[in-house]
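The values are calculated or read from the model by the stated rules, or taken from the named source; none is laboratory data. Just so it is clear, the structure is predicted and the values come from calculations on it, not from any experiment. Cβ placement follows ideal geometry from the backbone for every residue including glycine, while neighbour counts extend to all protein chains displayed. All accessible areas refer to the heavy atoms of the entire protein, side chains included, with ligands and DNA or RNA removed. Shrake-Rupley method; radii C 1.70, N 1.55, O 1.52, S 1.80 Å.
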There are 2 protein chains.
Amino acid sequence: MKRVCIVGCGAIGSLYAAHLARVVEVWAFVRREDHARALNRDGLRVSGKHEFHVSLKATTQPGQLPDCDLGIVATKATQVEESIARVGDRFDQGAVISAQNGLGSEEIVAAHTRGQVIRGTTFMSGTKHSDAHVQLELDTATWIGPFEPCHTSPALVKEAADLINAGGLRAEALPDARPAQWSKLIFNASVNGVSALTGLPHSPHFADESQFSALGHLLHELIEEGKGVAAAAGIKLHEDPWEMNKIGAMTNHPPSMLYDVRRELPTEVDFLSGAIAREAERAGVPAPLHTAVYRLIKAREASWTFKDENRAL
Amino acid sequence: MKRVCIVGCGAIGSLYAAHLARVVEVWAFVRREDHARALNRDGLRVSGKHEFHVSLKATTQPGQLPDCDLGIVATKATQVEESIARVGDRFDQGAVISAQNGLGSEEIVAAHTRGQVIRGTTFMSGTKHSDAHVQLELDTATWIGPFEPCHTSPALVKEAADLINAGGLRAEALPDARPAQWSKLIFNASVNGVSALTGLPHSPHFADESQFSALGHLLHELIEEGKGVAAAAGIKLHEDPWEMNKIGAMTNHPPSMLYDVRRELPTEVDFLSGAIAREAERAGVPAPLHTAVYRLIKAREASWTFKDENRAL
């Protein structure tokens, strides 16, 4: 793998782009013209856990992007369709990792490329300070594995993991990435949904089960319900999402969906609670709580454009 | 019944006070000194469905309030305790109607008076334009009946209803007011909770069942769950809350809990979703959705005082 394209350069995409640019030719495919200009002019500076600077190439124009051996789609789940639809054919001879939260992005990627699709889940975290500067916080592994319907070659998955590791980030090639993806899905759907609806960051309330009214009971029930759906779908979880929640609840970290609702931006709920609700329907098991959270968040999104005479109230 | 005291004069309390002052001596017991002064000086003007002006007496001091034949507690459910604790003994020889939303206010009233307690549920609506001016919108009936644990006399309930009717509002004395109270409880808990969490007024979304993600499904499930709890508690409903919801969803009316969360005021959720959750526990039936809404709203209230470094986000 000699040429890689990172599709979408938020915090996660910028971290992949900078680290991989240390070992291969990297292109960044981004939406904003000034973003591409900044990357071409200034390159990318990484601070935090790692400290270095690299040059790389960036463009907003599919026509300028050469064929690549590997793509990493690192946009929000809500933006996968619009981005991969424009450049999917550049990976026809290679592979594409989908690194989104939740379920459903692999299917979208697969619909727009003839390349092999790799299921990815990352626990890495960072903060983007500017288009040319990203801070690496947690360098936790990215787990990757085949996208089952496309029979992705395990050797190719291994090659992609080796490349990410060579660049200085951590990746693990798995024969089946679904146990990791579902662990994060259940954790993310539960924590993001509740955070967006309550306005609380991932605070100690999320693990508090001291009284009947305490929020921790709801998190526990959402996670148990999610585990039931995973089991019905034949997935054995990689980690217990309740343990992940207990650790996260000590951080006061604002989940991305809280950020989105505060700014009235489209959320990833279709790929999180919505995905659990759909998988439950498919597997014929109940998921009333995730389905309720899904409908509440969809209605919250609708409230931003619904005009009524009492809006000022 | 010759002397009546209205405890709390928001829109509903002001409507009772003004109409009853046309036929008996009326006192208003209120919290704010300037509210009492305005009522003593200007009286109350009613506009809308009825148009008239009356004089009445008002005070913030329990010591100034004479013994009364009837009290109508018309505060928010969250303020019943603090208000009736101060004046409950003024009704020791008479009766007190609790006219709050939800369940649980009668018990609080009964703990603070030796008078007979009347269970009340009102569908009347109005808008308070100032301390001295209230507009009557819907003059729908107030349903009243005995508070069972206290063996309230049906004759006294009838006398109270006659008095309200004589004043020009509508009241109906029932042998059992719980079917009416529970119909409104299930309606109110479902609509208020969903409105507060989504930011939507009672809009057409609440009755929309066109797609899987549509909010009307959640309202339907909340209402069905509430009906199951009512049945387990031995209550036969007076009206179908789903029919009430379908009508209300055409109004775009902002429910009181939406008003509360927009202003970060304590909500009535303990008396609405919380009451259904508690009754379900007592009756040994499940109420996962109302319990979830209850915990989400309690956490939303907690978010107003929870400080974290990412608050500005």
> How many residues, within region A:288-310, are without any contact (Cβ under 8 Å) to a residue 24 or more places away in the chain and either at the interface with chain B (Cβ under 8 Å from one of its Cβ atoms) or under 24 Å from A:Lys227 (Cα atoms) (or both)?
Replying inline: 10
> Which of (1) under 30 Å from A:Leu185 (Cβ atoms); (2) open to solvent by less than 20 Å² (accessible area, probe 1.4 Å) does A:Asp92 not meet, given it meets every other one?
Replying inline: (2)
> Can you pull out the residues in region B:183-203 that are over 15 Å from B:Val269 (Cα atoms) and either among the acidic types (Asp, Glu) or more than 9 Å from chain A (Cβ to nearest Cβ) (or both)?
Replying inline: B:Ser183, B:His202
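Residue-wise test of (1) of a type in the set (Lys, Arg); (2) within 21 Å of B:Glu172 (Cβ to Cβ); (3) at pLDDT 95 or above; (4) more than 21 Å from the chain's Cα centre (by Cα).
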{"site": "B:Cys5", "(1), (2), (3), (4)": "no, no, yes, no"}
{"site": "B:Leu15", "(1), (2), (3), (4)": "no, yes, yes, no"}
{"site": "B:Val23", "(1), (2), (3), (4)": "no, yes, yes, yes"}
{"site": "B:Phe29", "(1), (2), (3), (4)": "no, no, yes, no"}
{"site": "B:Lys57", "(1), (2), (3), (4)": "yes, no, yes, yes"}
{"site": "B:Cys68", "(1), (2), (3), (4)": "no, no, yes, yes"}
{"site": "B:Ala77", "(1), (2), (3), (4)": "no, no, yes, no"}
{"site": "B:Glu81", "(1), (2), (3), (4)": "no, no, yes, no"}
{"site": "B:Gln93", "(1), (2), (3), (4)": "no, no, yes, yes"}
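Would you mind stating whether A:Cys5 is assigned to a strand (DSSP E or B), open to solvent by less than 30 Å² (accessible area, probe 1.4 Å), touching a residue at least 40 places away in the same chain (Cβ under 8 Å) and within 20 Å of A:Ile164 (Cβ to Cβ)? If you could, list the steps in order and put the result at the bottom.
Details: assigned to a strand (DSSP E or B): yes; open to solvent by less than 30 Å² (accessible area, probe 1.4 Å): yes; touching a residue at least 40 places away in the same chain (Cβ under 8 Å): yes; within 20 Å of A:Ile164 (Cβ to Cβ): yes.
When the stated conditions are applied, A:Cys5 passes them.
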>> Tell me yes or no: at least one residue of region A:190-212 is without any contact (Cβ under 8 Å) to a residue 24 or more places away in the chain and either assigned to a helix (DSSP H, G or I) or on the phi > 0 side of the Ramachandran plot (or both).
In response: yes
>> Tell me the residue from A:Val285, A:Val269, A:Val261, A:Val229 that is touching a Phe, Trp or Tyr at 6+ places or on another chain (Cβ under 8 Å) and at pLDDT 95 or above, please.
In response: A:Val269
> For region A:242-261, does any single residue satisfy the condition of being of a type in the set (Gly, Ala, Ser) and touching a Leu at 6+ places or on another chain (Cβ under 9 Å)?
Replying inline: yes
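For the condition closer than 17 Å to A:Gly71 by Cβ and either β-branched (Val, Ile, Thr) or open to solvent by less than 20 Å² (accessible area, probe 1.4 Å) (or both), what is the one hit in A:Leu169, A:Leu185?
Numbers: A:Leu185 fails: closer than 17 Å to A:Gly71 by Cβ.
Going through A:Leu169, A:Leu185 in turn, just one is closer than 17 Å to A:Gly71 by Cβ and either β-branched (Val, Ile, Thr) or open to solvent by less than 20 Å² (accessible area, probe 1.4 Å) (or both): A:Leu169.
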> Within region A:114-126, can one find any residue that is at pLDDT 95 or above, away from chain B (no Cβ under 14 Å) and open to solvent by 50 Å² or more (accessible area, probe 1.4 Å)?
Replying inline: yes
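Counting only residues that are open to solvent by less than 20 Å² (accessible area, probe 1.4 Å) and not aliphatic (A, V, I, L, M), how many does region B:76-89 have?
Looking only at that region, the number is 2.
Mind listing just one residue for me: the one in region A:204-216 that is more than 15 Å from A:Met244 (Cα to Cα) and of a type in the set (Gly, Ala, Ser) and, of those, nearest to the other protein chains (Cβ to nearest Cβ)?
Result: A:Ser213.
How about region A:234-287: which helices (runs of 4 or more DSSP H) wholly inside it have at least 3 residues that are surrounded by 14 or more Cβ atoms within 10 Å (Cβ to Cβ) and within 10 Å of chain B (Cβ to nearest Cβ)?
Working: elements: A:241-248, A:256-262, A:273-283.
Result: A:256-262, A:273-283.
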> In the list A:Leu185, A:Leu156, A:Leu169, which residue meets the criterion of being more than 21 Å from A:Lys246 (Cβ to Cβ), modelled with pLDDT of 95 or more and under 18 Å from the mean Cα position of the chain (by Cα)?
Replying inline: A:Leu169
>> Conditions first: (1) open to solvent by 30 Å² or more (accessible area, probe 1.4 Å); (2) within 14 Å of chain B (Cβ to nearest Cβ). A:Leu219 passes all but one, so which condition is the exception?
In response: (1)
> All but one of (1) buried (at least 22 other Cβ atoms within 10 Å of the Cβ); (2) under 16 Å from B:Leu163 (Cβ atoms) hold for B:Phe29; which doesn't?
Replying inline: (2)
> What is the residue count in region A:213-233 for residues that are within 27 Å of A:Val117 (Cβ to Cβ) and either not small (Gly, Ala, Ser) or not in a helix (DSSP H, G or I) (or both)?
Replying inline: 3
>> Cβ-Cβ distance below 7 Å, separation of 6 or more or different chains: which pairs start in region A:263-283 with a residue that is small (Gly, Ala, Ser) and end on one that is part of a helix (DSSP H, G or I) and surrounded by fewer than 22 Cβ atoms within 10 Å (Cβ to Cβ)?
In response: A:Ala283/A:Ala232
